[in-house]
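Accompanying notes for the structure given below.
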Amino acid sequence: MSAVLDRPGDHLHDHDHGHPHGWRRWLFATNHKDIGTMYLLFSFTMLMVGGVLALAIRAELFQPGLQFVNPEMFNQFTTMHGLIMVFGAIMPAFVGFANWMIPLQIGAADMAFARMNNLSFWLLIPAALMLVGSFFMPGGAPAAGWTLYAPLTLQMGPSMDSSIFAIHLMGASSIMGSINIIVTVLNMRAPGMTLMKMPLFCWTWLITAYLLIAVMPVLAGAITMTLTDRHFGTSFFNPAGGGDPVMYQHIFWFFGHPEVYIMILPAFGIVSAIVPTFARKRLFGYTSMVYATASIAILSFIVWAHHMFTTGMPVTGQLFFMYATMLIAVPTGVKIFNWVATMWRGSMSFETPMLWAVGFIFVFTIGGFTGLILAMAPIDIQLQDTYYVVAHFHYVLVAGSLFAMFGGVYYWGPKWTGVMYSETRGKIHFWGSLIFFNITFFPMHFLGLAGMPRRYADYPMQFADFNMLVSIGGFGFGFMQVYFFLFVVLPMMRRQGEKAPQNPWEGAEGLEWELPSPAPWHTFESPPKLDASATRVIG
Amino acid sequence: MNTKRTNNMAGQRRPVTASRIARTLLVLGASMATPWALAVNSLPGGPAVNQIDLHPPASAIAADIQWLHVVMMVICVVIFIAVFGVMFYSMLKHRKSLGYKAANFHESVGVEIAWTVVPFIIVIGMGAMATRSVVAMKDTSNADLTIKATGYQWKWGYDYLKGEGEGIKFLSTLDLAQREMSNAGKPQGDNYLLKVDNPLVVPVDRKVRIVTTANDVIHAWMVPALGVKQDAIPGFVRDTWFRADKTGDFYGQCAELCGKEHAYMPIHVKVLSHGDYAKWVEGKLKEAAAAADDPSKQWQLDELVARGEKVYAANCAVCHRPDGKGAGPIKPLDGAAVVLDAEKAKQIAVLLNGQNNGAMPSWKQLSDTELAAVITYTKNHWSNKTGQLVQPSDVVAARK
């Protein structure tokens, strides 16, 4: 890896010759850029692992009847696909972006706690090995769904325990990463970089980091109680001993709902950086963007039970959670309107990052609307645990988080690697992904309305045609990501391509564009002096 | 191409090859498609072929839900078109390539307040529309008929608790042939995976309260056409209700992940006219009286084995397979030590209490005679020839 990533130009910029080389550079990494790179490569690897599982699911569902796997294996695939994508792919990828970009954007020399940063990355490796390795344990991987509902978790084999430990580790890693981000943002901004001048990506990550610190311990509590129910005779969630399985769901979703915003708020930050650049116009409503992000974060703590309408809540509970959930549409709408207003009467061009950002706004909004429809308790009771829900959350997590991250890779990739990506290849990747994404997930709305339950290894034949279409789309989407790695990421990592200028984007503003491309190993070693808008270094 | 290059050998061969490939593809495609594409029709009360909307409602609640969904769709599509109309207009007109110069504005307090307040009013309006339905769906009072639906891994048990038919109880299991077709990868029939041995029978136009609970893990009882979905939670009871406004068959499936056979525990509700329902109740009660077993009766080996075969097919064959060989983590019964053991209390204890954390569930809900019969059957079938006889009285003793 180091042979690929070592920057030939490093020594030109580096006056510090004491830093480790070879494998030590990565194992003992304390440099935010190296750690950010490792996070991004790790999460892409996990994206591929989770993607292979998704394709195994789609292969089985290509036709009705069981062709490839038995139902038990199928449940293991759906469970591990969810866990790997949430904890292995999306969350670490955003931490990778934060590591790379936050110090560059606020004019800091590095993250506040460089060694903790190293630990928070390297904890992910044993966690991932335990999680993926659970397939090879007796009884196979956990098969209780990524939500790990009790009491089904009590029937799982030893792999359940290793997965619980893996999630503990990933949670610890996330909390350390969050502490690091909060301290960095609050304490290490260059003089003149006031909070309200900070790029929105830093803002969204600051708020996300608080969410993580608030809810990861809640998840840790829930799965620890599951662990003691399994082995130490407690009955927190085990009805046989007087425990309450619904209590598990309350605790899980008290984590789980803020978690979905943890996975989308940084995406909002990336899109808020890309849209103004390619509209060549300042972000509309910066202040309201910050307030909207904070409102979404606060509201996310009082809506969790909308995942549980079918558990049989009292009327007042249903009404409260229905109205509270619908309120989230307001700040989310503000964000969409602000992006559209930023584009309005701009001077737009559509390079690959902008395509991803516009694609994000368009497709994420579809996911937002289905979320609004699902927030209506009566409709939710009809659609809960059907493919409609699967369609909804893939619209916000794939077309939302993942699309924004692809946009981010194309946008900041030249700064990271010093070379430009191929615009043609970027466009092929975008259009291929967008089309296959919709072929995969749009028909799922129909399947859900028609009542096809999720997590089914086999289904009535009336659902066959849409399932076949969905599977074809899924494989297409998978191949587009392999294409992305082979033809966009690898060439950039190998420094193949046109040399990137310091600022490849005509309309880009911000401190990261005040640095040469690729960004040297050490940046802003002494605090830069900033202009009034805190977007330029003036000395 | 071949008309121009008739002298070229490759040119002559190409059309042949091409047509052969085309034919092969056609046959391949047809062979892939025929097993179901030609065979399946819409199932009234269940899914329609390529259905793209909610089921045609068969209750007032389901009709309400459908109406709400239509209204929501209309509002969302209108907003969607408005917002993205503006965005795409801007993307077409405000382009650098068209020489458009960027404007300079970046905030407007009035506009920002407007697009906060207006959506707020819209979502509150949406919530208000749904409130009446939320309240109506939770009102399970004054039911004409109360039925308990118990989720088991992996079947449903129905107990008629109150109202006409009180005292009727039965299990509803997926038809075994469906599971075999699924395993073989050769599905057939319009009611594939939806066919059960005993449907839940209810009268039309009566308020039916369904009380749900579960025996092992969480399941969910859902019938889309009736607008009903309620989790069945072990250790707790929850309820929901429906009033079917037409007779007919309505189908649903378990909607909460409950283990490996999650996809194989459908729900079939048969709605009958009042007269037909009364007849069904009468028949069912008579049948129950006739079938009531005296647990002190002493049985002969062959009649107990014959009875046990039926119990096995209805309850055990799903996991342990009809040939008793088990599958994957499910233990075989054919040649199993606990089955062959001369100490019959061991096998009785397994059936009454379950083992392996419920991977083998408890079967104590079966009658003493059924348990005795199925144990005797397993001890005297396949290669198991123990000659042992377990009488219902043995089970009665073990239950104490």
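For B:Val77, are the conditions met, namely being surrounded by fewer than 17 Cβ atoms within 10 Å (Cβ to Cβ), out of contact with any helix residue (DSSP H, G or I) (no Cβ under 7 Å at 6 or more places or on another chain) and not assigned by TED's automatic domain parsing to the domain that holds B:Ile233? Here the answer is yes, as B:Val77 does meet what is asked. Would you call B:Ala130 within 13 Å of another protein chain (Cβ to nearest Cβ) and either among the basic types (Lys, Arg) or surrounded by fewer than 17 Cβ atoms within 10 Å (Cβ to Cβ) (or both)? The answer is no for B:Ala130. Name the residue that is most open to solvent (accessible area, probe 1.4 Å), counting only residues in the range B:284-317 that are more than 21 Å from B:Asn380 (Cβ to Cβ) and either at pLDDT 85 or above or part of a helix (DSSP H, G or I) (or both). Once the filter is applied, the top-ranked residue is B:Lys286. Candidates in the range A:410-456 are the residues that are more than 24 Å from the chain's Cα centre (by Cα) and farther than 13 Å from A:Tyr387 by Cα; of these, the one that is nearest to the other protein chains (Cβ to nearest Cβ) is A:Glu423.
Which one is most open to solvent (accessible area, probe 1.4 Å), of the residues in the range A:298-317 that are over 10 Å from A:Ala375 (Cα atoms), part of a helix (DSSP H, G or I) and not hydroxyl-bearing (Ser, Thr, Tyr)? Among those residues, the one meeting the criterion is A:Ile298.
One residue stands out in the range A:273-297 among those that are away from chain B (no Cβ under 12 Å) and either open to solvent by 20 Å² or more (accessible area, probe 1.4 Å) or part of a loop (DSSP other than H, G, I, E, B) (or both): the one that is farthest from B:Ala220 (Cα to Cα), namely A:Ala273. Looking across the range B:98-115, the residues that are at the interface with another protein chain (Cβ under 7 Å from one of its Cβ atoms) and open to solvent by 50 Å² or more (accessible area, probe 1.4 Å) come down to B:Tyr100, B:Lys101, B:Glu107. The helices (runs of 4 or more DSSP H) located wholly in the range B:336-400 that include 3 or more residues which are closer than 25 Å to A:Gln155 by Cβ, touching a residue at least 12 places away in the same chain (Cβ under 8 Å) and not hydroxyl-bearing (Ser, Thr, Tyr) occupy B:345-353, B:368-379.
For A:Leu123, the criteria (1) within 25 Å of A:Arg536 (Cα to Cα); (2) surrounded by fewer than 21 Cβ atoms within 10 Å (Cβ to Cβ); (3) touching a Leu at 6+ places or on another chain (Cβ under 7 Å) hold in every case but one, which is (1). You will find that of A:Gly473, A:Gly507, the residue that is outside any helix (DSSP H, G or I) and either open to solvent by less than 50 Å² (accessible area, probe 1.4 Å) or hydrophobic (A, V, I, L, M, F, W, C) (or both) is A:Gly507 and no other. Taking residues in the range A:82-94 that are closer than 14 Å to A:Pro266 by Cα, and partners anywhere that are open to solvent by 10 Å² or more (accessible area, probe 1.4 Å) and polar (S, T, N, Q), the pairs with Cβ atoms closer than 8 Å and at least 6 places apart or on different chains are A:Met91/A:Ser174. Could you grab me the full set of residues in the range B:260-283 that are at the interface with chain A (Cβ under 7 Å from one of its Cβ atoms) and open to solvent by 10 Å² or more (accessible area, probe 1.4 Å)? Hit for the range B:260-283 is B:Lys260, nothing else. When the residues of the range B:52-74 are filtered to those that are at the interface with another protein chain (Cβ under 10 Å from one of its Cβ atoms) and open to solvent by less than 20 Å² (accessible area, probe 1.4 Å), the one that is farthest from the chain's Cα centre (by Cα) is B:Met72.
Scanning the range B:136-164 for residues that are among the small types (Gly, Ala, Ser) and in a loop (DSSP other than H, G, I, E, B) turns up B:Ser141, B:Ala143, B:Gly163. Screening the candidates A:Leu469, A:Leu449 for the property of being touching a Pro at 6+ places or on another chain (Cβ under 6 Å) and modelled with pLDDT of 95 or more yields one hit, A:Leu469. Restricting A:Phe42, A:Phe77 to residues that are of a type outside the set (D, E, K, R), part of a helix (DSSP H, G or I) and within 14 Å of chain B (Cβ to nearest Cβ) narrows the list to A:Phe77.
The residues of the range B:243-252 include none that are within 14 Å of chain A (Cβ to nearest Cβ) and over 18 Å from the mean Cα position of the chain (by Cα). Among the residues of the range A:52-84, the ones that are in contact with a Leu (Cβ under 7 Å, 6 or more places away or on another chain) and open to solvent by 10 Å² or more (accessible area, probe 1.4 Å) come to 2 in all. Note on the range A:329-350: among residues that are open to solvent by less than 10 Å² (accessible area, probe 1.4 Å), more than 7 Å from every other protein chain (Cβ to nearest Cβ) and not polar (S, T, N, Q), the one that is nearest to A:Phe268 (Cα to Cα) is A:Lys335. Within the range A:134-153, being in a helix (DSSP H, G or I) and either at pLDDT 95 or above or buried (at least 23 other Cβ atoms within 10 Å of the Cβ) (or both) holds for A:Ser134, A:Leu152, A:Thr153. Remark: pairs (first residue in the range A:370-385, within 7 Å of chain B (Cβ to nearest Cβ); second residue of a type in the set (Phe, Trp, Tyr); Cβ separation under 6 Å; 6+ apart in sequence or on different chains) = A:Ala377/A:Phe309; A:Ile381/A:Phe309.
Can you pull out every residue in the range B:165-217 that is more than 14 Å from chain A (Cβ to nearest Cβ), outside any loop (DSSP other than H, G, I, E, B) and buried (at least 21 other Cβ atoms within 10 Å of the Cβ)? Correct list: B:Leu200, B:Val201, B:Val202, B:Pro203, B:Val208. Number of residues in the range A:364-401 that are farther than 30 Å from B:Ser133 by Cα and either surrounded by fewer than 24 Cβ atoms within 10 Å (Cβ to Cβ) or of a type in the set (S, T, N, Q) (or both): the value is 3. Listed by first and then second residue, the pairs linking a residue in the range A:524-539 that is within 12 Å of A:Leu104 (Cα to Cα) to a residue that is open to solvent by 30 Å² or more (accessible area, probe 1.4 Å) and of a type outside the set (D, E, K, R), with Cβ atoms under 8 Å apart and 6 or more places separating them unless they lie on different chains, are A:Phe524/A:Ala109; A:Glu525/A:Ala109; A:Pro527/A:Pro191; A:Pro528/A:Val537; A:Pro528/A:Gly539. Among the candidates B:Val123, B:Val118, B:Val77, B:Val86, the residue that is within 43 Å of the chain's Cα centre (by Cα), within 7 Å of chain A (Cβ to nearest Cβ) and without any contact (Cβ under 8 Å) to a residue 24 or more places away in the chain is uniquely B:Val123.
The values are calculated or read from the model by the stated rules, or taken from the named source; none is laboratory data. Small disclaimer: the values here were computed from a predicted structure and weren't measured. Every residue, glycine among them, receives a Cβ derived from its backbone with ideal geometry; neighbour counts consider all protein chains shown. To get the accessible areas, we keep the full protein, side chains included, count just its heavy atoms, and leave off ligands, DNA and RNA. Shrake-Rupley method; radii C 1.70, N 1.55, O 1.52, S 1.80 Å.
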